[in-house]
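What follows is a set of notes on a single structure, which appears directly below.
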């Protein structure tokens, strides 16, 4: 197999034209007035003959601008991250920027490494959807003068722009939908809370909803760990035991929704009949699993676009107090929350 021809360099153009590299650089930077017409024509002809094209990155760095934006996400396998990435990439492309992605893979110890890696490429700003465990690294990044916008997850003590789903509204939308369909016994299932603000906010909103409705509803929370399907099966069984009618689950995100579907299948339960299920995050597969999974969809594409919009404003020098932008979710009712029996009967033994 023949080798692809090597890409021409400024040095190649200079040799071909019989001039210095500085002369070629002047021509490329539109400073022909510093050159005689004859030399400018020779450089132009050499560029055409060699098929030379300057590196966009090199040109940008010479001007002090990389036109790169760094995006750090907690988990690229999460449908949420993919959708936000898509919206952000479209907005960057429209504005003439490139997006560089660093995936943490849910490994919190990689937060600092991710920020350092992207910084080495001279990105002009950061969009962060991180684990929230290394606030020091994020603070240091902000102190270096690079704008930062947070998506979905807050960092304590960091006064920067923040865009997110309105988590309280989304959870209340889920719980009220269950209440309207005559479910009264709930279990909120979330990934481990840690210090992740999104998960904590959703748990707090759920607990507030249960308190506000007093004896009319009951609700508990359960933290689901990856790979521990047995623990989730036990939690669902306990929910069924304490429920006075058909119980229901609020799943904290699409990852948890899939875990609940797996656990219900192990128990032989039918979604929408033996247990209700509504989850935060809509996915392409949600309408086609069982009777269809009820969800609250996030405006993920819009969140990504808004994050880029806020960041570009900061890059261009906008000076204003940090903004907190919360967008509402939208309910998509499907068969997994088919109406439960409105009249609860005394549980039979066994």
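The values are calculated or read from the model by the stated rules, or taken from the named source; none is laboratory data. What you see is a predicted model, and the numbers here were worked out from it, not measured in a lab. Positions of Cβ are backbone-derived with ideal geometry, glycine not excepted, and every protein chain shown enters the neighbour counts.
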### Query
Out of the range 23-42, which residues are at pLDDT 85 or above and either within 47 Å of the chain's Cα centre (by Cα) or assigned by TED's automatic domain parsing to the domain that holds residue 117 (or both)?
23
### Message
So in the range 269-306, with the set limited to residues that are out of contact with any helix residue (DSSP H, G or I) (no Cβ under 6 Å at 6 or more places or on another chain) and in a helix (DSSP H, G or I), which one is surrounded by the fewest Cβ atoms within 10 Å (Cβ to Cβ)?
### Response
288
### Query
For residue 50, are the conditions met, namely being in contact with a helix residue (DSSP H, G or I) (Cβ under 8 Å, 6 or more places away or on another chain), surrounded by 15 or more Cβ atoms within 10 Å (Cβ to Cβ), over 26 Å from residue 130 (Cβ atoms) and at pLDDT 85 or above?
yes
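Yes or no, residue by residue, for (1) under 18 Å from the mean Cα position of the chain (by Cα); (2) modelled with pLDDT of 95 or more:
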site: 259; (1), (2): no, yes
site: 262; (1), (2): no, yes
site: 278; (1), (2): no, yes
site: 304; (1), (2): yes, no
site: 340; (1), (2): no, no
site: 346; (1), (2): no, no
### The listed residue being closer than 18 Å to residue 339 by Cα and out of contact with any strand residue (DSSP E or B) (no Cβ under 6 Å at 6 or more places or on another chain), out of 305, 240, 259
240
### Message
Filter the range 307-338 down to the residues that are at pLDDT 95 or above, surrounded by fewer than 17 Cβ atoms within 10 Å (Cβ to Cβ) and in a loop (DSSP other than H, G, I, E, B) and list them by number.
### Response
328, 333
### Message
Could you go through the range 128-142 and let me know if any residue there is at pLDDT 95 or above and closer than 25 Å to residue 301 by Cβ.
### Response
no
### Query
With respect to residue 244, is the statement that it is in contact (Cβ under 8 Å) with a residue 60 or more places away in the chain and surrounded by fewer than 21 Cβ atoms within 10 Å (Cβ to Cβ) true?
yes
